[in-house]
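Student: Here you go, one structure.
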Amino acid sequence: RPPKKRKPNWNLVHKSPLPLEIHSLPAFHPTNPISILRFAYAYLSQILSQPSSHPSTPYIGYFSTETRSIHVTDPQHARALWEMGFFGKGTLSRSEMSWLDREKARLLAKRAGSGGTAEENTNARREKRRLFKLERARAEAEKIERQRLVEEGKLDPSVLEIEVTEMDDEKDQITVPATPRPLETTIPTPETTPRPPQPADTGLDDEDVEEPIPEFDNQEHLQLTLEEAFFLSYGLGVLDIRLAGSDKSECSSHDLLRTCSAHGFFPVTKSISDHKIRPDDQFLLNYVVYHHFRSLGWVVRQGVKFSVDYLLYYRGPVFSHAEFAVIIIPAYTDAYWSTEQGQQERRVKESHNWWWMHCVNRVQSQALKTLVMVYVDVPAPFNVDSKDIGAILRGYKVREFIVRRWTPNRSRD
């Protein structure tokens with residue numbers, strides 16, 4: 001049995017929570033004079049020549065209007081963004097970019113004549129299970145139909161007795177092979193006469209020599225959502241977003257905000273330059289919540305699989321499952337939205353009912369996740385030409401409420 005492949009040390013691979021370099025000071029011990037000198041040297045050197053926490057060259061992403069996302073095509077940039085913060089997902093994978101490794105494993109398995117990759121084995125096992133369930137359902141339906149015909153007198157009852165007899169015969173024919181006894185072997189004594197020198201025998205014929213797997217290009221790249229890209233570009237300043245097919249980056253963060261806000265709707269606004277940013281735009285609400293939880297240290301991922309907006313991971317997907325599922329609800333608490341004009345300008349005019357909330361909460365309970373209802377207080381309309389994005393974001397307020405199913409037999413106290 002071949003030894004299992006050792007897993008990488010995820011604590012070392014994902015040691016940085018964000019794609020930034022942290023320059024920490026050395027430990028200081030008052031009883032150790034050497035540590036005082038080391039601390040003073042590091043402190044003075046950082047004051048005189050302050051190191052940068054940003055990468056030497058910013059990561060490059062290309063804005064795609066077709067997919068309403070940002071594509072990072074450089075493998076090194078994509079790997080860095082995934083390892084430092086779990087940003088984005090592979091276009092040909094479920095999360096981490098693993099298409100190239102899966103293709104190589106598939107070619108090796110095909111050459112060796114063994115099973116394919118883990119994904120292929122899983123799909124084959126699921127297909128086999130599905131066919132088995134269909135066959136079992138068909139047999140049960142036929143049995144029920146024959147039973148109904150016997151009760152109606154349209155079929156001889158001996159047919160059911162024959163089926164029971166055949167099933168008993170099949171059970172009796174099942175035998176368990178006995179364990180064979182080990183044969184006694186004797187180790188022959190080596191010959192005393194020396195053998196003539198033989199040519200080197202590798203045990204391989206010319207036809208058995210395997211050709212190396214041909215190199216092929218990686219057809220997968222990293223795909224960032226609008227919120228992730230804006231956080232990396234505006235919040236951290238490590239991503240340079242360019243239009244697809246050109247090397248020109250966006251002029252300013254305000255232009256990028258307008259572009260992302262226009263692509264937050266479907267269908268996309270035809271003229272992005274004429275798009276008017278509204279306080280309750282879906283992109284703004286999503287980004288406010290995304291920035292809020294990222295600033296608290298959570299790893300925020302998309303939650304479409306579980307019918308929610310976001311999933312919150314304590315450290316990342318490779319360490320544990322998501323603990324919380326987030327649903328974003330706009331709250332028009334400002335006095336402006338109570339006026340007649342404000343009610344007409346509301347994007348969300350209907351509120352959810354209790355049936356909807358219980359359905360979503362039931363899904364999260366089955367997935368062992370805690371539902372978090374995040375209410376975002378929408379401010380009054382602001383100046384869309386304002387270049388201060390920080391002032392725009394400070395007008396929002398985030399409120400969190402945890403929802404759990406109350407079961408009487410578990411809450412007797």
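The values are calculated or read from the model by the stated rules, or taken from the named source; none is laboratory data. These numbers were taken from a predicted model, which means no experiment stands behind them. We place every Cβ from the backbone using ideal geometry, glycine too, and count neighbours over all the protein chains shown.
Student: Residue by residue through segment 361-413, note down the ones that are touching a strand residue (DSSP E or B) at 6+ places or on another chain (Cβ under 7 Å), surrounded by 12 or more Cβ atoms within 10 Å (Cβ to Cβ) and among the aromatic types (Phe, Trp, Tyr).
Tutor: TYR375, TYR396
Student: Mind counting the residues in segment 309-319 that are closer than 21 Å to PRO330 by Cβ and either assigned to a loop (DSSP other than H, G, I, E, B) or not hydrophobic (A, V, I, L, M, F, W, C) (or both)?
Tutor: Within segment 309-319, residues that are closer than 21 Å to PRO330 by Cβ and either assigned to a loop (DSSP other than H, G, I, E, B) or not hydrophobic (A, V, I, L, M, F, W, C) (or both) number 2.
Student: For segment 354-393, how many residues are touching a Phe, Trp or Tyr at 6+ places or on another chain (Cβ under 7 Å) and of a type in the set (A, V, I, L, M, F, W, C)?
Tutor: Of the residues in that region, 9 qualify.
Student: Restricting attention to segment 1-40, which residues are closer than 29 Å to LEU236 by Cβ and in a helix (DSSP H, G or I)?
Tutor: TRP10, ASN11, LEU12, VAL13, PHE39
Student: Looking at the structure I just gave you, is ARG106 part of a helix (DSSP H, G or I), free of Cβ contacts under 8 Å to residues at least 60 places away in the same chain and either among the β-branched types (Val, Ile, Thr) or more than 16 Å from VAL300 (Cβ to Cβ) (or both)?
Tutor: yes
Student: Considering ALA380, ALA391, which residue is without any contact (Cβ under 8 Å) to a residue 60 or more places away in the chain and not polar (S, T, N, Q)?
Tutor: ALA391
Student: Of all residues in segment 320-329, which are surrounded by 14 or more Cβ atoms within 10 Å (Cβ to Cβ), of a type outside the set (Gly, Ala, Ser) and assigned to a loop (DSSP other than H, G, I, E, B)?
Tutor: Listed by number, the list holds a single entry, GLU323.
Student: Further question: In segment 256-277, what residues are part of a loop (DSSP other than H, G, I, E, B), closer than 21 Å to GLY395 by Cβ and touching a helix residue (DSSP H, G or I) at 6+ places or on another chain (Cβ under 6 Å)?
Tutor: Across segment 256-277, the qualifying residues are GLY264, HIS275, ILE277.
Student: Considering only residues that are in contact (Cβ under 8 Å) with a residue 40 or more places away in the chain and hydroxyl-bearing (Ser, Thr, Tyr), which ones fall in segment 3-26?
Tutor: The one that is in contact (Cβ under 8 Å) with a residue 40 or more places away in the chain and hydroxyl-bearing (Ser, Thr, Tyr): SER16.
Student: Does segment 330-360 hold any residues that are out of contact with any strand residue (DSSP E or B) (no Cβ under 6 Å at 6 or more places or on another chain) and assigned to a loop (DSSP other than H, G, I, E, B), and which are they?
Tutor: TYR332, ASP334, THR339, ARG346, ARG347, LYS349, GLU350, SER351, HIS352, ASN353
Student: LYS369 - would you say it is basic (Lys, Arg) and under 29 Å from LYS305 (Cβ atoms)?
Tutor: yes
Student: Here's another thing I want to ask about it. I'd like to verify a number: residues in segment 105-138 that are surrounded by 11 or more Cβ atoms within 10 Å (Cβ to Cβ) and at pLDDT 85 or above, how many?
Tutor: Qualifying residue count, segment 105-138: 0.
Student: May I ask you to list the residues in segment 23-59 that are in contact with a Ser or Thr (Cβ under 8 Å, 6 or more places away or on another chain) and surrounded by 10 or more Cβ atoms within 10 Å (Cβ to Cβ)?
Tutor: Across segment 23-59, the qualifying residues are HIS23, PRO26, PHE28, HIS29.
Student: Please verify whether ASP334 is more than 29 Å from the chain's Cα centre (by Cα), surrounded by 14 or more Cβ atoms within 10 Å (Cβ to Cβ) and not aliphatic (A, V, I, L, M), treating the condition exactly as stated.
Tutor: yes
Student: Test of understanding: among THR65, THR73, THR91, which residue is polar (S, T, N, Q), under 26 Å from PHE319 (Cβ atoms) and in contact (Cβ under 8 Å) with a residue 40 or more places away in the chain?
Tutor: When all the criteria are applied, what remains is THR91.
Student: Identify all residues within segment 278-308 that are surrounded by 20 or more Cβ atoms within 10 Å (Cβ to Cβ) and in a loop (DSSP other than H, G, I, E, B); write none if there are none.
Tutor: Once the filter is applied, which keeps residues that are surrounded by 20 or more Cβ atoms within 10 Å (Cβ to Cβ) and in a loop (DSSP other than H, G, I, E, B), segment 278-308 yields PRO279, ASP281, TRP298, VAL308.
Student: Still on this structure, please answer the following. Looking only at segment 334-363, which residues are touching a residue at least 12 places away in the same chain (Cβ under 8 Å) and aromatic (Phe, Trp, Tyr)?
Tutor: Within segment 334-363, TYR336, TRP337 qualify.
Student: Give me the pairs: first residue in segment 314-333 and charged (D, E, K, R), second residue assigned to a loop (DSSP other than H, G, I, E, B), beta-carbon distance under 7 Å, and six or more apart or on different chains, which are they?
Tutor: Taking only residues 6 or more apart or on different chains, the pairs are GLU323/TYR314; GLU323/LYS369.
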